[in-house]
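The values are calculated or read from the model by the stated rules, or taken from the named source; none is laboratory data. Given the structure is predicted, the values throughout are model-derived calculations rather than measurements. Here the Cβ is made from the backbone with ideal geometry for all residues, glycine too, and neighbour counts use every protein chain on show. Side chains are part of the model used for accessible areas, which takes the heavy atoms of the whole protein and leaves out ligands, DNA and RNA. Shrake-Rupley method; radii C 1.70, N 1.55, O 1.52, S 1.80 Å.
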Amino acid sequence: MSEFEIIRDIFAPLTATAPGAFDLVDDAALLEQQNLVVTKDLLVAGVHFLAKDPLDLVARKLIRANLSDLAAKGAKPLGYFLGCVWPKHMDRASIEQFARGLAEDQERYRIGLYGGDTTVHSTKTGPLTLSATFLGTPPKQGMTPRSGASLGDDLYVSGTIGDAGLGLAALRKEFKFTTVDKASLSSRYHLPEPRLTLGTALAGLATAAIDVSDGLIADAGHIARACGLRAEIDAVAIPRSAGAASWVAAQENRWRALATLASFGDDYEILFAAPPAMRRSITVASKASRTEVARIGTLSRGEGVLFLDEAGRPIPVEKPGFNHFT
């Protein structure tokens, strides 16, 4: 099995909807359309997914993590470039399983593979390392930045928070869950749902947005820093799934449990800001996109993030989110 056989037989068929990819026989792709939104995410075994995770699910998570970035910008996805560094002696069947996952989500999200590169580690211990660069087109209202919010803007988040982190804990058997909750939570870890329709609906309404990948508190801090403001988050307002709500109720300290949920990564929801005058429009956008959103706080003078209890008192947060270098 050679690099070129892998490209020709396994990955070239994924370019059927990307004519500028030239069936991966060229060194570059031709993108005639300008005005692109571009994002890149990297997944490493043992860091972003479990080494034993099925490779088709890993492939789909790679796609969805990148699409989540585009969703937060209100962009429509076009396609992507792929980079793979396989463990030494990776077999063809495993790579084909990975490609089947790519194909499934390519069809789901109407995107194509434009090109990339693939190689292997020189040692047996090198982890599977995956990289994707995604391209999208901005909405006519313009891309939603991270830094556009103003003093007094509301903070919202889509979906529910903390499910992926609890799902990972369930897979690692760190917490006990019912069979139903474990299946639901682990699914959120393996297969996040990029909020593309909501992102499009928020274009022109949201003043700032980011996808929640590092943790709600950490990503709120990213928005606050970019806007020169402080994010104040109402802990009670954090939207929770049934599984997460059950877990919180079983913990000795409710506030510490809520802070933990808000510090988990991999939610891939959209955290965004909008002026109070847009509240009705945000509700309309939520209904139109069939995506629940919750108003969870505000942007005030100051810096950093305050995670507040129901009396408005700051809750101590030991670790606001995931950091690759700590």
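Remark on residue 79: its backbone amide H falls under 5 Å from those of 112, 135, a criterion applied only to residues 5 or more positions apart or on other chains, H modelled at 1.01 Å from N. Only protein atoms count toward the accessible area here, which uses a 1.4 Å probe; on the chain, the carbon and sulfur part of that area reaches 52 percent.
In this rough spin-label picture, where each label sits 7 Å from Cα along the Cβ direction, the residue 125-residue 280 distance is 6.3 nm.
If we count every other residue with Cβ under 11 angstrom of residue 275's Cβ, Lys/Arg +1 and Asp/Glu -1, where does the sum land?
Here the count lands on -1.
Normalised per residue, the accessible area of the chain is 48 Å², obtained with a 1.4 Å probe and no contribution from ligands, DNA or RNA. Taking a ≥ b ≥ c as the square roots of the Cα gyration tensor eigenvalues, segment 98-230 comes out oblate, since a/c reaches at least 1.5 and a/b does not exceed b/c. With a 1.4 Å probe rolled over the protein heavy atoms of all chains, the accessible area of 122, 186 falls in the order 122, 186, largest first. Of 211, 234, 117, 266, the residue with the largest accessible area leads and the full order is 117, 234, 266, 211 (1.4 Å probe). With 18 Å as the limit, write out which pairs from 52/173; 40/76; 40/124; 40/73; 52/88 have Cα-Cα distances beyond it, or answer none. With Cα atoms farther than 18 Å apart: 40/124. Its DSSP H runs of at least 4 residues, each contributing -39,500 (n - 2.57), put the calculated 222 nm mean residue ellipticity of the chain at -10000 deg cm²/dmol, to the nearest 500. Between 0 and 90 degrees, the angle of helix 279-289 with respect to the longest Cα principal axis of the chain falls at about 30 degrees. Rounded, prolate or oblate, given the Cα gyration tensor of segment 18-171, with a/c below 1.5 counting as rounded? Verdict is oblate for segment 18-171.
When the dipole is taken about the Cα centre of segment 116-244, and only Lys, Arg (+1) and Asp, Glu (-1) are charged at their Cβ, what size is it in debye, to the nearest 20?
340
Relative to the longest principal axis of the Cα atoms of the chain, the long axis of helix 216-227 lies at roughly 80 degrees.
Taking the square roots of five times each eigenvalue of the Cα gyration tensor of the chain, the equivalent ellipsoid has semi-axes of 35, 25, 16 Å, listed largest first.
For the chain, the longest principal axis of the C-alpha atoms and the axis of helix 55-72 are separated by about 50°. Determine the distance separating the Cα centre of segment 65-99 from the Cα centre of segment 238-306; give it in Å without decimals. For segment 65-99 versus segment 238-306, the Cα centre distance is 28 Å. According to the square roots a ≥ b ≥ c of the eigenvalues of the Cα gyration tensor, what is the shape class of segment 171-326, taking rounded for a/c under 1.5, prolate for a/b larger than b/c otherwise, and oblate for the remainder? It is oblate, given that a/c is not under 1.5 and a/b is not larger than b/c.
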